[in-house]
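Read the structure below first, then the notes.
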Amino acid sequence: MAGAVTIIWASAYLLQVAQELYLLDSKADPFESNLDRLVLPPDARFGISQREKKITSSSRKIVILPGPHKTGSTSLQEFLRTLYKKGILKEQGWSHPVPEINGIKKLLYSDATTSKPIENWAQNAWDHNLNLVMTAEVLDVVAALSINRSRDAIGKILDNVRPKSSGNGKDIIDASVEVETVIMYRTPRTSQLVSVWTQQITHKKKKPFLDALPWRTSLVKKLRPRKRKKFKPNKVPTLAEWLCTGVWDGVYSYNMEMIISAQLNPFGVADAYARHGNATIKILDMSGVEDAPAAVACDVLHLNCNRSGKVIGVSKKTVFLNHSKKNPTSLGMDVKELAAAENILRRMDCHLYCALKQAKEHTITIIHAHDTMFVDSGKWSRCCESSSKNNLPTERAVKKLRRLGCVASANQNS
């Protein structure tokens, strides 16, 4: 299709994709069967009966919310900032790094081993008997790094925020503090894929085409200053073209392996923090809540909430996922091709989810389970019981998704 497509249209379109996915009759894939979605009652959707005991002041805890990308991280940050400004977080035993959050990017994207703003914020919180909550979608990058680099990156973050005490002229880090990582799981999976693509090809007119490392490299910056000033971008790539080539002609070159391996890989992110941060893992199924930021506040931080799942003292409704933006071009993929993309992403999810579930050294909990991957009668809940050949390691999933983009692009041009 040509022209701009509204997100409202895309939402309906993707719902159709999901329906097509469940109705496909594929002999090659045992998961392709038609199962009804489980609908939970309101109280169960808000997890009222699931709430754990509130954190006591004597315990010490670090909660990390690393996204991944396009799962409402900005909305969550804004909500936590509101709770911080109202004094609700501090009142109930929590501290959130405002505005020190930029120090996290420095630790992840540079050789720096310390960030004084982050260190000072964390130590001040511990000194006042406050637990820590950090949220930043850049924290998902660890899923795309090598084992050593991922371990080092997570280690740097935790070393900067764990409590410290002085001894023999050196800082002694208390490694006994509990670390909990909460991953947001967005479905249909292709809805997140479309959002990631839209973010990567969206350009703000008042800003030059800059690098956004490690995700993309600007091709415009290589131009001479005079040409750069007069530069007008070429046609925006469709989703299919973007997946296939990893290039916006003359504008950006994308690191597609890293984008898919991190931004579209929630269980890969979970695995990294479980493996290298010794963190307990919670997966928040976004299809099971109406307000994800409020669910984090009520069911992760255990703030005082009413039975509707809203934080007491906050009347303003959380703004979640901006649906007013328009896709800059067509997707370049039909319903069956999008269904195939959904299948690939689901099989990648299954591969890592099953590994986490089966690893005795890791603890994983699903909050607001609603998607078919998590409910007992769900179609994808069987993926851990089936032959492993049906699940996809990340590297294979990346190749299959990109190959699908090439096929879809060729079909559109034929």
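The values are calculated or read from the model by the stated rules, or taken from the named source; none is laboratory data. Because the structure is predicted, anything quoted here is derived from the model rather than measured. Positions of Cβ are generated from backbone atoms using ideal geometry, with glycine treated the same way; all protein chains shown enter the neighbour counts. Quick note on the areas: whole protein, heavy atoms, side chains included, nothing else; ligands and nucleic acids left out. Shrake-Rupley method; radii C 1.70, N 1.55, O 1.52, S 1.80 Å.
Things worth noting here:
- Greater than 26 Å apart at Cα, pairs in LYS90/LYS282; LYS86/LYS164; LYS70/LYS106: LYS86/LYS164
- Going by accessible surface with a 1.4 Å probe and the largest first, LYS86, LYS70 read LYS86, LYS70.
- The range 63-122 - Kirkwood radius from inverse mean 1/r over Cα pairs (Å): 12.7
- C-alpha center-to-center spacing [the range 368-384, the range 392-408] in angstrom: 23
- Accessible carbon and sulfur surface of the range 362-414 relative to its total accessible area, %, 1.4 Å: 47
- The calculated FRET efficiency for the pair SER414 and ASN102, based on their C-beta separation and a Förster distance of 41 Å, comes to about 0.30.
- Virtual spin-label span in nm between ASN129 and ARG396, 7 Å along Cα→Cβ: 5.3
- When Rg and the Kirkwood Rh are both derived from Cα coordinates, the Rg/Rh ratio for the range 91-190 amounts to 0.99.
- Computed packing ranks the peptides 286-297, 124-135, 241-252 as 286-297, 241-252, 124-135, most packed first, by mean other Cβ atoms within 10 Å.
- Ordered by solvent-accessible area of protein heavy atoms (1.4 Å probe), largest first, the residues GLU180, GLU257 come out as GLU257, GLU180.
- Put a dot 7 Å past the Cα of THR114, heading toward its Cβ, do the same for HIS203, and the two dots end up 4.2 nm apart.
- Simple spin-label estimate for LYS90 and VAL335 in nanometres, 7 Å along Cα-Cβ: 5.5
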